[in-house]
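Enquirer: Structure provided below as structure tokens; questions to follow.
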Amino acid sequence: MERHFTSEFLLAALEVQERSGEAAMNDAIGGLFNAKDSALLVAMTEEWARIPYLFDRQAIVRDAMSAHRAGQFTLSIPALLPLAEGLCAEILDSNATNVVKPLARDWHSRENEVWVQLFHDIVEDVIYKTYAFGKDPAPYLNRNGILHGRVPDYASQHNSTRVFLLIDTVADRWHEKQRTLSP
């Protein structure tokens, strides 16, 4: 996510958080990514087509983008969440189904940047957090809770934007792996 921010915007967002709270900061970040009919998200998804795995799934990405722009977040979020897992499996060369956490842990073990810590924490504590169905409350954007029909109130522009950013971060990890493989 950090590569999409100017230092000026980042400072302004932090000032908004200090002055008006986390919700206002989330609104500012959402405003950046969703301005001009989600132009930044559209550009982001167009870049994903350079990744073979996502190129093969461009119909899903386009439909999710259309749903997001139309405010149909009940469609964009569950359409995109599986793509994060599939791309992580490609990066890790794995046939496993629970691969986002290992990717986040691996990146976190190699880099000590605030963005890496944030990605790790969101993956571990929210999107892929394990919880007991029917006993524990699901986090607001929990992949298992959403895709297994346990979280009814996940649909929001903020959460949809967060899923786009999740995939974009994983896409960046794919590009990083390609750079390390290139002579």
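None of the figures in this text is laboratory data; all of them are computed from the coordinates on show. No experiment lies behind these values; they were computed from the predicted model shown. Heads up, the Cβs are rebuilt from the backbone with ideal geometry, glycines too, and the neighbour counts pull from every protein chain shown.
Enquirer: With label points built 7 Å along Cα→Cβ from the Cα atoms of SER20 and GLN178, find their separation and express it in nm.
Expert: Here the answer is 3.8 nm between the modelled labels.
Enquirer: On a full-extension model of 0.36 nm per residue, what is the gain between ASP93 and ALA43, subtracting their alpha-carbon distance, rounded to one decimal in nm?
Expert: Between ASP93 and ALA43, full extension yields an extra 15.3 nm.
Enquirer: Report the extension gain between ASP125 and ARG69 in nm, rounded to one decimal, defined as 0.36 nm multiplied by the number of residues separating them, less their alpha carbon distance.
Expert: Gain on stretching ASP125 to ARG69: 17.4 nm.
Enquirer: Taking the Cα centre of segment 38-181 as origin, sum charge times position over the Cβ atoms of Lys and Arg (+1) and Asp and Glu (-1), and report the length of that vector in debye to the nearest 20.
Expert: Dipole of segment 38-181, to the nearest 20 debye: 240 debye.
Enquirer: Then there's this: Could you check the spin-label model distance between ASP153 and LEU118? Points 7 Å from the Cα along Cα→Cβ, value in nm.
Expert: 2.6 nm
Enquirer: Is segment 79-183 rounded, prolate or oblate when judged by the Cα gyration tensor, a ≥ b ≥ c being the square roots of its eigenvalues, rounded requiring a/c under 1.5 and prolate requiring a/b larger than b/c?
Expert: prolate
Enquirer: Using only the Cα atoms, work out Rg/Rh for segment 63-126, with Rh taken as the Kirkwood radius, to two decimals.
Expert: On the Cα set of segment 63-126, Rg over Rh gives 1.06.
Enquirer: Give the Rg (one decimal place) followed by the Dmax (whole number) of the chain, computed from C-alpha coordinates and expressed in Å.
Expert: When restricted to the Cα atoms of the chain, Rg and Dmax are 16.2, 51 Å.
Enquirer: Follow-up. Which Cα, out of GLN178, VAL126, ALA49, lies furthest along the positive dipole direction of segment 38-181 (beta carbon charges, K/R +1, D/E -1)?
Expert: Comparing the listed Cα positions along the dipole, VAL126 ranks first.
Enquirer: Within straight cross-link reach of LYS129, meaning Cα distance under 15 Å, which aspartates and glutamates are found once same-chain residues fewer than 8 apart are removed?
Expert: GLU85, ASP121
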